[in-house]
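The structure appears right after this line, and notes come after that.
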Amino acid sequence: FPGQQAQAARDVNTASLCRIGQETVQDIVLRTMEIFQLLRNMQLPNGVTYHPNTHQDRLGKLQEHLRMLSVLFRKLRLVYDKCNENCAGLDPIPPE
C-alpha cells in the first residue's frame, strides 16, 4: 500500500511538472513574440535622426528579453529531465 501511494505521488508530481512545462513553453512563445515586436520596431541607424537614449532603452529591453528567454529554456530543460527521470521505470504503452 505505501508503494502505491508513492507511485500516485510520483504521478501527480509528473503531471504537475508537465503543467509547469506547458506554462514555460507558453512563456517562451510570448517572450519570443515580444522580441520580434521589439526588433520590428527598431530603426536602423542608416542616416535618419539617431536618438541614442531611445536606442539604448530598446537595446536594454531586448537584452532583458533574451536573458529571460535563456532562463526559461533552462527551466524547460530541467522540467523535461525530471519528467524523464520520473517516467524511466514505466513501460511504454503503444499508441495504438
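Quick notes
- Label sites at residue 91 and residue 66, each approximated as a point 7 angstrom past Cα along Cα to Cβ, lie 5.0 nm apart.
- Full extension of the chain between residue 57 and residue 37 gives 5.7 nm of extra length, using 0.36 nm per residue less the Cα-Cα distance.
- In terms of accessible area, using a 1.4 Å probe and ignoring ligands and nucleic acids, 58, 40 rank largest first as 40, 58.
- Area accessible to solvent at residue 29, 1.4 Å probe radius, in Å²: 80
- Residue 20 exposes around 70 Å² of accessible area when a 1.4 Å probe is run over every protein chain in place.
- Accessible area of residue 64 in the full protein assembly, 1.4 Å probe (Å², nearest 10): 80
- Local net charge near residue 39, Cβ-Cβ under 15 Å (Lys/Arg +1, Asp/Glu -1): +1
The values are calculated or read from the model by the stated rules, or taken from the named source; none is laboratory data. Since this is a predicted model, take the numbers as computed values, not measurements. With ideal geometry, Cβ positions are generated from the backbone for all residues, glycine too; neighbour counts draw on all protein chains shown. With ligands, DNA and RNA removed, areas are computed over all heavy atoms of the protein, side chains included. Shrake-Rupley method; radii C 1.70, N 1.55, O 1.52, S 1.80 Å.
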